[in-house]
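Okay, structure first, notes after.
The values are calculated or read from the model by the stated rules, or taken from the named source; none is laboratory data. Predicted model only: the values in this text are computed from it and were never measured. Note that each Cβ is placed from the backbone with ideal geometry, even for glycine, and that neighbours are counted across all protein chains shown.
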Amino acid sequence: MIAIAYFSGSGAISHSAELIGEAARAAGVETRLIDVATLTDADWATLAAADAILFGTPTYMGGPAAGFKAFMDATGDDIWLDRKWRDKIAGGFTAGVNTGGDKLATLQALNVFAMQHGMIWVGQDIIGAPVFKENDGLNLSGTFLGLAVNANTKGLTEGCKASAKLFGERVAGLVKRLQVGNT
């Protein structure tokens, strides 16, 4: 099971989480979305049971949004000390208005967070245009550490939507491969 823990400001992150989850479910992996602004005991139990946890937050002022940072900080005692997320698959996604927009700094923060928990990080693998013209619109920012989408008043571009789905498929494929290895 993939748990997608996210905090959304303008809606781009919640939309990305939905697209990632939709693609992972279509690939045959149960997926649950968890809005960290309204965490419940059941949500924490879902995170504990997950094979993979994906972390999503908008990039605000060059880093994770405060609402997501509060979630990160809340994992510092029991979960971190007891290594409860050790060896789970992890990945991150973020959104910002600009193509670059310091989104890489947010993904680096999410990556370090996952590494501190002993998790196994998976990044974005899609090479977009101009390298492959047929991938026009995919991975617009050329970011491979995680999924970085552009958010504007019109919502996500078609390429960003497709990139989110491809990221969901990739993580689902890894979860399935690891589950097969455990049987």
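Identify the residue in the range 49-62 that is surrounded by fewer than 22 Cβ atoms within 10 Å (Cβ to Cβ) and closer than 19 Å to Ala17 by Cβ and, among all such residues, is modelled with the lowest pLDDT. Going through the qualifying residues, I end up with Tyr60.
In this structure, Glu30 qualifies as surrounded by 14 or more Cβ atoms within 10 Å (Cβ to Cβ), touching a residue at least 12 places away in the same chain (Cβ under 8 Å) and more than 14 Å from the chain's Cα centre (by Cα).
Of the residues making up the range 2-21, those that are touching a strand residue (DSSP E or B) at 6+ places or on another chain (Cβ under 7 Å) and of a type in the set (A, V, I, L, M) are Ile2, Ala3, Ile4, Ala5, Ala12, Ile13, Ala17, Ile20. Within the range 33-42, the set of residues being touching a residue at least 12 places away in the same chain (Cβ under 8 Å) and either buried (at least 18 other Cβ atoms within 10 Å of the Cβ) or of a type in the set (D, E, K, R) (or both) comprises Leu33, Ile34, Asp35, Val36. Can you confirm whether Arg177 is out of contact with any strand residue (DSSP E or B) (no Cβ under 8 Å at 6 or more places or on another chain), crowded, with 20+ Cβ neighbours inside 10 Å and within 19 Å of Ala26 (Cα to Cα)? For Arg177, the condition - out of contact with any strand residue (DSSP E or B) (no Cβ under 8 Å at 6 or more places or on another chain), crowded, with 20+ Cβ neighbours inside 10 Å and within 19 Å of Ala26 (Cα to Cα) - is not met. Condition (residue is within 18 Å of Ala5 (Cβ to Cβ) and either within 14 Å of the chain's Cα centre (by Cα) or in a loop (DSSP other than H, G, I, E, B) (or both)) applied to the range 150-157: is it met by at least one residue? No; the residues of the range 150-157 include none that is within 18 Å of Ala5 (Cβ to Cβ) and either within 14 Å of the chain's Cα centre (by Cα) or in a loop (DSSP other than H, G, I, E, B) (or both).
If you go through the range 35-63 and keep only what is among the β-branched types (Val, Ile, Thr), part of a helix (DSSP H, G or I) and over 20 Å from His117 (Cα atoms), you end up with just Thr38. Each residue in the range 59-78 was checked for being in contact with a strand residue (DSSP E or B) (Cβ under 8 Å, 6 or more places away or on another chain) and either of a type in the set (A, V, I, L, M, F, W, C) or on the phi > 0 side of the Ramachandran plot (or both), and 5 of them qualify. Within the range 1-29, restricting attention to residues that are in a helix (DSSP H, G or I) and of a type in the set (Gly, Ala, Ser), the residue that is nearest to Val97 (Cα to Cα) is Ala12.
Annotation: of all residues in the range 131-149 being within 18 Å of the chain's Cα centre (by Cα), among the small types (Gly, Ala, Ser) and at pLDDT below 95, the one that is farthest from Ala65 (Cα to Cα) is Gly142.
Is it the case, given these coordinates, that Arg32 is among the charged types (D, E, K, R) and in a strand (DSSP E or B)? Against the criterion (among the charged types (D, E, K, R) and in a strand (DSSP E or B)), Arg32 qualifies. Go through the range 92-130 and report how many residues are over 24 Å from Ala70 (Cβ atoms) and in contact with a strand residue (DSSP E or B) (Cβ under 8 Å, 6 or more places away or on another chain). So the answer is 6.
Every test in (1) touching a helix residue (DSSP H, G or I) at 6+ places or on another chain (Cβ under 8 Å); (2) in a loop (DSSP other than H, G, I, E, B); (3) farther than 15 Å from Val175 by Cβ is passed by Gly76 save one, and that test is (1). Output the residue which, of all residues in the range 92-133 that are touching a residue at least 24 places away in the same chain (Cβ under 8 Å), in a loop (DSSP other than H, G, I, E, B) and β-branched (Val, Ile, Thr), is surrounded by the fewest Cβ atoms within 10 Å (Cβ to Cβ). This residue is Thr99.
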